[in-house]
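So the structure is just underneath, and the comments pick up after that.
The values are calculated or read from the model by the stated rules, or taken from the named source; none is laboratory data. Please read these numbers as outputs of a predicted model, since none were measured by experiment. Positions of Cβ are generated from backbone atoms using ideal geometry, with glycine treated the same way; all protein chains shown enter the neighbour counts. Surface areas here come from the heavy atoms of the whole protein model, side chains and all, with no ligands, DNA or RNA. Shrake-Rupley method; radii C 1.70, N 1.55, O 1.52, S 1.80 Å.
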Amino acid sequence: MLGIKRLGLLAAMVVVGVAPAAAAQAAAQPSTQDTQYLQALHQVNLAQITMGNLAQQKGQNTEVKDLGKQFVTDHTQLDDSVKSTASQLNVQLPNSPTADQQKVIDQLNGLSGAEFDKAWVTAELAAVVQAIQATQTEISQGSEQSVITLAQDALPVLQAHLDALESLAQTLGVPVPQASASSGTPGPGGTSTPAPGGTESPAPGGTETPAPGTTETPAPGTTETPAPSQS
């Protein structure tokens, strides 16, 4: 009996010792939102560093070159924080930009001169707005404080980039999307802007069809059709 009691006591001690460790490990697990944001922001950084280097190599406008250099510096620093936070939380980061981001990079690679400058600013405007939306979503919906803090630190950097791009867009005559950073945040990695670099429709919020619900056909259900059931 004593042996059984001692075994029971030992088992209880082991459970008591293991439980806090297990609880701490469970608490360290980031949410899906936090994980997706870290992965998405890392891919944004990879794409922005590449696009910033392209601006320095292929840009014709001095401001494009300078802004590209600034983007490389800022996103390299930001990515250091992302990698550090992801490492602490055991979050696996992708090793390349998304397919959409790579498509934009490939498109820019085939351009030069003034055409490159305009396409680059257009692509950057869409990309930065999307990054801001994802960052705002993390700040409002994230649960891991270290990731939320990272997002809070990233937001003013991204906002400064957007301000600089909007100013440069006016200089180059590039349309600025009507969709602001505060409009409809689709999600942490939301690709609701399917072609961030597509220069065919430079204004994703363009209202060229101003009245989708025009009342020129005032009575779609008019009862002027007299009596279809007459036999």
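Taking residues in segment 59-81 that are on the phi > 0 side of the Ramachandran plot, and partners anywhere that are of a type outside the set (A, V, I, L, M) and surrounded by fewer than 17 Cβ atoms within 10 Å (Cβ to Cβ), not one pair has Cβ atoms closer than 6 Å while being at least 6 places apart or on different chains.
Quick check on GLY189: is it over 25 Å from ASN90 (Cβ atoms), modelled with pLDDT under 95 and part of a loop (DSSP other than H, G, I, E, B)? The answer is no for GLY189.
Would you call SER112 among the hydroxyl-bearing types (Ser, Thr, Tyr) and within 18 Å of THR32 (Cα to Cα)?
Here the answer is no, as SER112 does not meet what is asked.
When segment 81-90 is examined, which residues are found to be open to solvent by 20 Å² or more (accessible area, probe 1.4 Å) and within 17 Å of the chain's Cα centre (by Cα)? Hits for segment 81-90 are SER81, LYS83. Out of contact with any Pro (no Cβ under 7 Å at 6 or more places or on another chain) and open to solvent by less than 10 Å² (accessible area, probe 1.4 Å), is that true of GLU138? So GLU138 fails the test.
Counting only residues that are touching a residue at least 60 places away in the same chain (Cβ under 8 Å) and not in a helix (DSSP H, G or I), which one in segment 91-126 is surrounded by the fewest Cβ atoms within 10 Å (Cβ to Cβ)? Checking each candidate, the answer is THR98. Here LEU168 meets the list (1) in contact with an Asp or Glu (Cβ under 8 Å, 6 or more places away or on another chain); (2) within 21 Å of GLN101 (Cα to Cα) almost entirely, failing just condition (2). Scanning segment 41-59 for residues that are under 10 Å from the mean Cα position of the chain (by Cα) and either among the aliphatic types (A, V, I, L, M) or open to solvent by 40 Å² or more (accessible area, probe 1.4 Å) (or both) yields a count of 2. Residue under question is VAL64, and the condition is that it be among the β-branched types (Val, Ile, Thr), farther than 27 Å from PHE116 by Cβ and either modelled with pLDDT of 95 or more or open to solvent by less than 60 Å² (accessible area, probe 1.4 Å) (or both); does it hold? Spelling it out, it is not the case that VAL64 is among the β-branched types (Val, Ile, Thr), farther than 27 Å from PHE116 by Cβ and either modelled with pLDDT of 95 or more or open to solvent by less than 60 Å² (accessible area, probe 1.4 Å) (or both).
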